[in-house]
Every structure is written in structure tokens, then in C-alpha cells.
Amino acid sequence: MSAAPARRTLADLALVVAAKVLSVAALFLCSVLAARELGAAAYGHFAAALSLLLLVDAMAGSPLDLAVIRFGTLHATEPARVATLQTFLLRAKLAFAAVVFVLAWPNATRLTALLLPGADNALFLLLVACIGALLLLRGYAVQLQVAQRFRLYAALDVALALLRIGGVLAVWWLVSTAGAFTYFAIYAMAAFVVLAVAALRMPQGLLRRPMPGRADLRALGAYVAGTAGIVVLGTVTGRADVPLVSAVLGAEAAGYYGVGTQLAAVGTMLATYVGIVTQPRVLGLVRAGQLGRAVVLNALGAGLLVLLLVLAGPTLLPVLVPGLFGDGFAASLPVVEILLWGTCIDFLIMPFLLPYALQLETRNCLRGEFVITMIYLLGMLWALGHGIVAVAWLVTGIRLIKLCFYSLLYLRTHGAHASVGQQ
């Protein structure tokens, strides 16, 4: 990579990460104030609803978004062709969201009792509506990612963050009896507003633009079929813990566990956001024979996080957890300590190893994720019977297994992909 593209990559990375840091800070602030205001049980409803939102968004939307990234990378010289496929996938997301809401509305009471036991139906219905908004918003964002228009991409995150910060502070100061619904509504309303602005500023011609060609639809179907299983399985092992704790152990346990996941998720989200910049560049790094160097540099960065956790964690965390969330959440400390190790592992996997496997070793990636998910589900049967600390150990152990799998997959296969994308 020459000096100018390298500088641009670093500038894009800094811009996206800065916007994402603000986005994570907004979500974290919302969670901290909600925990302090609501107490463990009501906060458990908020945390479970948020986790369900991210779970469904990732399972339903990520395979399509990954397909857009791959298609846009391989056909970067044909912008009209890429735009046609992007519009088609926005239509698919809109149809999915409409069907889900129509099915959920008459069954809200039963689904709320199953997924958010003890919560109001209104929280569940808002969750369903927000799923649709987030799916569409991610569709607009991934178009900017493919086009490498990272200033506008970052602007979406900044707008979301500022709306959430403003909303949660207004509730904190002005509303005396806010519940889980109120705090979740802040998260949802920000998505609705930014989606409306994105739709107005990025018109897609949803009704006018033609369908993609048959060859593109076949390529899309093949890739989505291959990656959907990977994404669904990976999402189960990465995001299903809070909803499972809520459904099986109750809202109070979900509240204590949710505090742990919020602190750990700050790092995991940043690792994911670094991947936003690296995903469109993985194929180019493979072609240039430079992916190995990028993996090593990434590992050195993750090693610094491990060192920081070892040196500062034992002193800082016992003060940080009750100081942020309140003394009532001191029981969350063991969960935080365990899950933060999983965050360090995520920094080793997400920026390069996972995009490499998704784009170039799809079949092997699917096999590995299937086996790992079976281990996770069997382990969860045991962990839920032993409390939230056992669940935290299981979640972190699964991340370690994934690191071993993706590292070995890269080491065994990277030499076979030097000419990728040149056909």
C-alpha cells in the first residue's frame, strides 16, 4: 500500500472510530442513567429489549449488508449496477420489517411474556418497530461504507449519538417516573429521526429503479445463503446471552448481567467499528499479500489492551462498577471482570480474521460457527443453572474458541487466495 492510500485509510479509520466512540458513549450513558434510575429489575427489561433489538438486526440485516460490501468491492467500477442491488436489498428489508410487525401486533401479549417477562406490551411493540428502522438505517449506512464516503457515514453516527445523549439527559432532568419503555424509546426515536433524514438525503428510487439482473441475483442469493448461517450462528453466540438470562433467570438477574455486558460491549463495539473500515479493504490486502502484516499489527494492538486489563483492572473495576451504576449493582463486578477478557479477544478476531473468513472461506466459516454454536447452546444449558457468573465464563470461553478457529483457518488457507477478485 502506497503512502497516500495508507494515510487515507488511517484518516478514515480515525473518523469512523471517533464517531463510533461518541455513539458508544451515548449508549453507555443511556445505560448508566437507566440503571441508576430504574433498579435491577426494570433495567433488566431495558437491557433485554436492547439486546433483542441488536440480535434481530444482526441476524436479519448483516447477511444482506455483507453481500452489499462484497458486491460493491468486486464491482466498484460499475456504480449503477451496485446501486440497483443496494435498492433491491432496501426493498427486502422494508418488506421484512412490515411482515414482522404485522405478525407481532396480534401476538404481543404472548411474545412479551416469552421474551420480556414482566414488561409491558408497549415495550415489545416499540422494539419490533425499532427493528425495522434500524434495518433500513443500516442499509443506508452500508451504502456509504461501500462508497468509502466515511465522512457521511460518521455523520449518521454522530447524529444518532447526539439525539440519544440529548434525549436521555432530558429524561434524567425532567421526568420523575421514567420506566424501561421511556429509556428504550430514546434509543428508538433517534433511529427513526436519522432514518427519515437519510431517506430524504439519499433517495433510492424504491419504486422506480429496476430489479437487478438474474446473474447478480444468483450471486447475491449464493452469498447470502452462505453467510446467513454464519451470521445467525455468530449472533446467537455473541448476543443471545442477555435475552436468555432474562427469559430464564428473570429481569433482576438480567439487570445485573446487563451491566456487565454494557461495560464489555464498549470494547467489543469498537472492535466491530474498526472492522467497518477494514472490511472493504480485506480483498485488496489479500491481493497485495499484506493481510498477514495487518493481522500481526492488529494482534499487537490487542496485546496492549490485555496488558491494560491486567495492570489496571483489579484496582479500577471495583471502584468503577458501583461508581457508575450505583451500589446496588456491585454484584455485577465478577461478570464485568470475566466479560472484559472476551472483549480483548474480540479485538483479535473482528478487524481482519472474521472478514477474511466471511469473504473467502465461507463454507469453512459456516462449519466452524455451527460447531461452536452447538457447544455454546449445550454450555448455556449448564450455565443458566449456575447463575450469571457461569454464563459470563461460557461467553468468554466461546470467544477464545472462536479465536483459535479463525486463526487456524487463516494460517491454513491464506496462501491459496493471492489472486482473489482478479477473475
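When restricted to residues that are open to solvent by less than 20 Å² (accessible area, probe 1.4 Å) and either of a type outside the set (A, V, I, L, M, F, W, C) or outside any helix (DSSP H, G or I) (or both), region 58-74 contains 3. Scanning region 333-354 for residues that are at pLDDT below 85 and either in a helix (DSSP H, G or I) or open to solvent by 10 Å² or more (accessible area, probe 1.4 Å) (or both) gives a single hit, 350. Please verify whether residue 65 is under 23 Å from residue 274 (Cα atoms), at pLDDT 85 or above and under 16 Å from the mean Cα position of the chain (by Cα), treating the condition exactly as stated. For residue 65, the condition - under 23 Å from residue 274 (Cα atoms), at pLDDT 85 or above and under 16 Å from the mean Cα position of the chain (by Cα) - is not met.
Against the condition over 30 Å from residue 251 (Cα atoms), in contact (Cβ under 8 Å) with a residue 40 or more places away in the chain and assigned to a helix (DSSP H, G or I), how does residue 411 come out, does it pass? The answer is no for residue 411.
Of the residues contained in region 193-205, one or more are found to be closer than 20 Å to residue 122 by Cβ and either free of Cβ contacts under 8 Å to residues at least 24 places away in the same chain or part of a helix (DSSP H, G or I) (or both). Scanning region 175-186 for residues that are open to solvent by 10 Å² or more (accessible area, probe 1.4 Å) and under 20 Å from the mean Cα position of the chain (by Cα) turns up at least one hit.
Taking the numbered list (1) in contact with a helix residue (DSSP H, G or I) (Cβ under 7 Å, 6 or more places away or on another chain); (2) at pLDDT below 80; (3) open to solvent by 50 Å² or more (accessible area, probe 1.4 Å) in turn, residue 239 passes all entries but (2). Report whether or not residue 230 is in contact with a Gly (Cβ under 9 Å, 6 or more places away or on another chain), under 24 Å from residue 143 (Cβ atoms) and in contact (Cβ under 8 Å) with a residue 60 or more places away in the chain. The answer is yes for residue 230. Out of 302, 294, 312, one residue alone is part of a helix (DSSP H, G or I) and open to solvent by 30 Å² or more (accessible area, probe 1.4 Å). It is 312. Residue by residue through region 102-145, note down the ones that are open to solvent by 70 Å² or more (accessible area, probe 1.4 Å) and either part of a helix (DSSP H, G or I) or among the β-branched types (Val, Ile, Thr) (or both). Hits for region 102-145 are 102, 103, 105, 106, 109, 110, 114, 138. Looking at 110, 138, 151, just one residue is of a type in the set (Lys, Arg) and modelled with pLDDT of 90 or more, and that residue is 110. None of 256, 223 is open to solvent by less than 30 Å² (accessible area, probe 1.4 Å) and hydroxyl-bearing (Ser, Thr, Tyr) except 223.
The values are calculated or read from the model by the stated rules, or taken from the named source; none is laboratory data. The structure displayed is predicted, hence computed values, not measured ones. Note that each Cβ is placed from the backbone with ideal geometry, even for glycine, and that neighbours are counted across all protein chains shown. Remember, those area values only see protein heavy atoms, side chains included, never the ligands or the DNA or RNA. Shrake-Rupley method; radii C 1.70, N 1.55, O 1.52, S 1.80 Å.
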